[in-house]
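The values are calculated or read from the model by the stated rules, or taken from the named source; none is laboratory data. In this text the structure is predicted, and so the values were computed from the model without any measurement. Note: ideal-geometry Cβ built from the backbone for every residue, glycine included; neighbour counts use all protein chains shown. Accessible surface is based on the protein model in full, side chains and every heavy atom, while ligands, DNA and RNA are left aside. Shrake-Rupley method; radii C 1.70, N 1.55, O 1.52, S 1.80 Å.
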There are 2 protein chains.
Amino acid sequence: MSLPSSGLDPDVARRLKRDANGLFPAVVQQYDSGQVLMLAWMDDEALHRTLTTGRATYWSRSRGEYWVKGETSGHVQWVRSVALDCDGDTVLLKVDQVGPACHTGQPTCFAGRELVTSADPSTLAAGQPAPAAVPGTGDRDDDR
Amino acid sequence: MSLPSSGLDPDVARRLKRDANGLFPAVVQQYDSGQVLMLAWMDDEALHRTLTTGRATYWSRSRGEYWVKGETSGHVQWVRSVALDCDGDTVLLKVDQVGPACHTGQPTCFAGRELVTSADPSTLAAGQPAPAAVPGTGDRDDDR
């Protein structure tokens, strides 16, 4: 399979797994507070630009163009680090976010948007003991 | 459009945006340290089970089945909160992770997997002033 043409380091490109549209998700986290700010999408070139410019750059699925975060709003993300996960299909960006990350003006795209869980809170708060690993069945947690 | 059949609260189901396979990404974060542990995929039923059992449950794309994290390894994720993002296409799970989150034995799927950035480190460390917002152009940051 030929890889998509982009300026991305071929060693990184070889490790990437992309969806049918050539994209992969980027989880974006504030580097110091640990807040998860948002999730966006990248292709190889967006990752290349992010790594080389230090400004978080995504692929806009709705507009079909590259999107430098904050280009019009000023709410830039300065990149502190980028990591590729164990199976090469997700990146984690640690950034320094200028202003709110969300277009709604909220600091993150998840702020104030919690769903109600109906699991027993006392169970969760107490933290049940973990079920014992089942010997001989292997660890099937190797699938994202 | 009829919604997929699942036990999920219809009010939540109406807010969800799914990909062509009926899936959406779940970002998983350790609730107290803020570490991003992994990214997995859910459908409506996986989200329903996660909300009602308090154990993180995903859809395994490779095995084509529901996957209760830690079912075989013991490395369970006890759910503390679940939030849906501003455009309804990503969830953020805050969990209490038992043992390592990654099947490699690393605490997270991103640990030790940083890519080299070639942006000028002094620029990033100093934090350049944000570009001024362009008046009248609107904020196009409303696209994940």
Would you mind pulling out the separation of the Cα centroids of the range B:54-80 and the range A:45-114, in Å? 28 Å
To one decimal in nm, how far is A:GLN106 from the same spot in the other copies, if labels go 7 Å from Cα toward Cβ? Please give the shortest first. 3.0
Can you find, among A:TYR66, A:ALA101, A:GLN30, the residue sitting farthest towards the positive end of the charge dipole of the range A:10-126, where Lys and Arg contribute +1 and Asp and Glu -1 at Cβ? A:TYR66
Rounded to one decimal in nm, the spacing of the 7 Å Cα→Cβ label points at A:ARG14 and A:ARG63 is 3.5 nm
Could you please report the charge total around B:SER5, scoring K, R as +1 and D, E as -1 over all other residues with beta-carbon less than 13 angstrom from its beta-carbon? -3
5 Å is the cut-off here: which amide hydrogens, built 1.01 Å from N in the peptide plane, fall below it relative to B:VAL76, excluding neighbours closer than 5 in sequence? B:VAL98
Cα-only radius of gyration and Dmax that characterise the range A:10-126, units Å: 15.8, 50
Built amide H within the under 5 Å cut-off of B:TYR58, gap 5+: B:TRP67, B:VAL68, B:LYS69
Which order do B:ARG18, A:ARG61 take when ranked by solvent-accessible area (1.4 Å probe, heavy atoms of all protein chains), largest first? A:ARG61, B:ARG18
Phi-based couplings in Hz for the range A:30-46 (Karplus 6.51, -1.76, 1.60; Gly and Pro marked x): 5, 5, 9, 7, x, 4, 7, 8, 5, 10, 9, 10, 10, 10, 4, 5, 4
Count, for each residue of A:40-49, the Cβ atoms from other chains sitting within 10 Å of its Cβ, then give me the mean as a whole number. 1
Shortest first and in nm with one decimal, please list how far the A:ASP19 label point sits from its counterparts in the other copies (point 7 Å along Cα→Cβ). 0.4
